[in-house]
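Below you'll find the structure I mean.
The values are calculated or read from the model by the stated rules, or taken from the named source; none is laboratory data. On a predicted model such as this, the values are computed, not experimentally measured, just so you know. All Cβ positions, glycine included, derive from the backbone under ideal geometry; neighbour counts span all protein chains shown.
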Amino acid sequence: MPIKTQIDYYECLGVARSATEQEIKSAYRKLALKFHPDRNPGNKEAEDRFKQAAEAYSVLGDPEKRQRYDAYGHAGLGGSGGFDPTIFADFGDILGDFFGFEDLRQTFSIDLGFATPLSRVSLSSAGGGTGDNGNSGILFGGQYIYYMRPRLGAGFDFEYFNRSRTDSLGLLPNADTNVSGDTLLLLALLRYTLVNRGWVRPYILAGIGADRTSTEIDATPLLGFSWSDTGTGETRTLVDDSNWGFASTARFGIDFNATAPTFFSLELGWTELSNGRYDATPAGRDLGLGSVAGNLSVLTFGGRWGWRF
C-alpha cells in the first residue's frame, strides 16, 4: 500500500508561517477557484491540488489546529488532517460567496459595442421634414464598480459613441441631407446582481450623469437643383454645434465568470440624453433654421471584459 506523502500546509497555500488569518483565507480561495473540479474536468492533477489546498486550509484556518500544527507538525493533529469535504460548510460554498471571494470588492472593465439612435431630427422651421438622427455607431468606454454588498455596487462609467452619417432625402426639400454626431458620457452608477451564485449572473444597472453631445447636419442640392442665393450646388453645413446635458441610463446584462478573476459580460441598455437645442450655422439661419432639438434616445448593445481585484 503506497505511503501518503505529508505536505507542508504553509507551502501548499503559498503563505509565510507568520501569515494572518485573512492572508490564509485569501490564498486558499484563490487556489480553490483556480483548481476547482468544475473548471478542470477530468484533470486529476488539478483535483489533487484542490484537495491539498482544502486540507491545508482546514488546519491553518482553524486557530486551535494551527497552533498544534505549528508546535508539533502533523503529529500534533492526531489524525485529524486530510481532505475534509465538510470544510465548505464552515463558510459557505466557495462559489457562493461574493464572486467566490468576498475580498474582491472592485471591478474595472472596458466595453465595446454599438449605439443606435432612436430619436428623429426635424427641419420643419426651414420648410423641411423629419429624418433619422444619425445611424448606428461604435461605442467604447470603461467602468469602475465598488461593491458595498455581495450584490450591490456603485461606481462610475465613461463612454464614447458616435452616430454615423445618415442620408435623408426628406429632411430638406430637393437636397440630400446628412446627419451625424458623437457623445461623451460620464455617469454615476448603481449595479445590482440578481443572482450571485454560479458562472452566469444576470444584473441590472442604472445611472445618471452628464454628456457632451455634438450634432452636424450637412445638405447638398440634388442633381438639377442649386442654392437659391448663389446658384451653386456645394455642400453646406446647416448645424454644427455641441453642448452639455443631463444623461440617464438603464441596462440589463449577464456576467460570465468562467475565467475569474476576469469576467466577460453582454449588456443591453437604453440611454436618454437631454441636451436642449443645437444652434444653426449662418448657412442654416439663411434658410430660416434657428436650431434643432437636442434630446436623444439611444439603444446600446455590447460586450464587456473586466477584472476583479
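Which of the residues that make up region 291-305 are in a strand (DSSP E or B) and not basic (Lys, Arg)?
Hits for region 291-305 are Ser291, Val292, Ala293, Leu296, Ser297, Val298, Leu299, Thr300, Phe301, Gly302, Gly303, Trp305.
Follow-up question, since we're still on this one. I'd like the residue in region 20-48 that is hydroxyl-bearing (Ser, Thr, Tyr) and assigned to a helix (DSSP H, G or I) and, out of all such residues, is nearest to the chain's Cα centre (by Cα).
Among those residues, the one meeting the criterion is Ser26.
For region 211-221, check the following and say yes or no: at least one residue is in contact with a Ser or Thr (Cβ under 9 Å, 6 or more places away or on another chain) and either of a type in the set (A, V, I, L, M) or outside the structural domain of Gly303 (by TED's automatic domain parsing) (or both).
The answer is yes, given that some residue of region 211-221 is in contact with a Ser or Thr (Cβ under 9 Å, 6 or more places away or on another chain) and either of a type in the set (A, V, I, L, M) or outside the structural domain of Gly303 (by TED's automatic domain parsing) (or both).
Among the residues that make up region 191-211, is at least one of them farther than 21 Å from Arg308 by Cα, out of contact with any Asp or Glu (no Cβ under 8 Å at 6 or more places or on another chain) and buried (at least 21 other Cβ atoms within 10 Å of the Cβ)?
yes
Please tell me if Ile145 is closer than 25 Å to Ala32 by Cβ, under 20 Å from the mean Cα position of the chain (by Cα), at pLDDT 90 or above and among the aliphatic types (A, V, I, L, M).
Against the criterion (closer than 25 Å to Ala32 by Cβ, under 20 Å from the mean Cα position of the chain (by Cα), at pLDDT 90 or above and among the aliphatic types (A, V, I, L, M)), Ile145 qualifies.
Let me ask you something else. Taking region 226-267 as the region of interest, how many residues are touching a residue at least 24 places away in the same chain (Cβ under 8 Å), assigned to a loop (DSSP other than H, G, I, E, B) and surrounded by 13 or more Cβ atoms within 10 Å (Cβ to Cβ)?
Number of matching residues: 3.
Residue by residue through region 268-290, note down the ones that are of a type in the set (Phe, Trp, Tyr) and either surrounded by fewer than 18 Cβ atoms within 10 Å (Cβ to Cβ) or not in a strand (DSSP E or B) (or both).
Within region 268-290, just Trp270 meets the criteria.
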